[in-house]
1. Tell me the Rg and the Dmax, in Å, that the Cα atoms of the chain produce.
2. To the nearest 500 deg cm²/dmol, what mean residue ellipticity at 222 nm is calculated for the chain from DSSP H runs of n ≥ 4 alone, each contributing -39,500 (n - 2.57), summed and divided by the residues?
3. What does the charge dipole of segment 27-147 about its Cα centre add up to, to the nearest 20 debye, if the Cβ of each Lys and Arg holds +1 and the Cβ of each Asp and Glu holds -1?
4. Within segment 21-47, which residues have the backbone N less than 16 Å from the label spot 7 Å out from Glu59 along Cα→beta-carbon, could you tell me?
5. Of all the stretches in the chain, which is the longest one without any exposed loop site, taking chymotrypsin sites (Phe, Trp or Tyr not before Pro) in a DSSP loop (any state but H, G, I, E, B) with at most 14 other Cβ atoms within 10 Å?
6. Among Val133, Gly58, Phe27, flag the residue with its Cα farthest along the positive direction of the charge dipole of the chain, charges on Cβ as +1 for Lys/Arg and -1 for Asp/Glu.
7. Which GluC sites (Glu not before Pro) does segment 56-153 hold that lie in a coil by DSSP with at most 10 other beta carbons within 10 Å?
8. Tell me the angle of helix 91-106 to the major Cα principal axis of the chain, expressed in degrees between 0 and 90 and rounded to the nearest ten.
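Coordinate-derived values only; no laboratory data. Bear in mind that the values here come from a model prediction, so they are computed numbers and not experimental data. Cβ sites come from the backbone with ideal geometry, for glycine too, and all protein chains shown count toward neighbours.
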Amino acid sequence: MMEASQVVDIMELQDVEQVYAIDVLSFSLPWSERSYRFELTENDNSHPWVAEAVNAQGERQVVGMIVVWFIIDELHIATIATHPAFRRLNIARRLLANALVEGAALGAEKAFLEVRRNNLAAQALYQSFGFVVTGVRPRYYLDTQEDALLMTLEPLKN
Ligand SMILES: CC(C)(COP(=O)(O)OP(=O)(O)OC[C@H]1O[C@@H](n2cnc3c(N)ncnc32)[C@H](O)[C@@H]1OP(=O)(O)O)[C@@H](O)C(=O)NCCC(=O)NCCS
């Protein structure tokens with residue numbers, strides 16, 4: 001039922017509070033609310049989206065988000081997360097699919113992202129889209145000194 005009431009929509013300033021709450025629940029190094037506002041108001045390369053669901057009270061609730069940077073012909077998946085209470089409902093899959101389709105339509109030739117070496121859930125998601133590991137950024141994450149895997153999807157097809 002929750003899946004049926006999901007929608008993907010462009011992120012707006014009014015969503016930032018809920019987006020930030022998901023970020024804090026999802027990452028050891030969350031972005032600030034201010035950085036989300038920057039993405040919305042000042043970063044012309046940024047394409048931020050939210051997934052929304054209708055809760056028991058009939059209110060719309062942000063349950064996931066993705067921020068993608070489109071630069072020249074590349075899509076950089078900057079962040080993606082689903083609220084912990086709404087995971088394994090295809091929300092991230094839908095957000096990523098939406099971003100990749102939009103990017104391909106804008107002319108992106110490839111998509112890439114960094115992911116923690118230990119983050120097997122996210123890697124499984126990306127692999128299911130055809131992303132492959134194309135590099136390692138050693139000790140990329142400042143909190144744990146963990147490596148980032150660079151994953152790439154190329155070519156991007158619509
Ligand atoms: C990774 C994350 C975004 C996945 O969100 P989600 O909405 O639960 O993912 P989906 O339901 O769309 O899953 C799609 C597929 O990804 C894979 N996947 C997702 N979570 C997984 C898990 N915990 N273990 C293994 N595979 C997983 C599966 O292949 C899944 O398909 P399936 O459910 O049919 O098996 C979510 O776990 C999250 O927010 N994690 C914390 C933030 C994070 O790590 N973001 C990525 C940073 S690089």
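1. Cα radius of gyration and Dmax of the chain are 15.2, 46 Å respectively.
2. -8500 deg cm²/dmol
3. Charge dipole of segment 27-147: 480 debye, to the nearest 20.
4. Backbone N within reach: 21-22.
5. 28-128
6. Looking along the dipole axis, the top candidate is Val133.
7. Counting only loop positions with at most 10 other Cβ atoms within 10 Å, the GluC sites (Glu not before Pro) in segment 56-153 are Glu59.
8. Long axis of 91-106 versus the principal axis of the chain: about 60 degrees.
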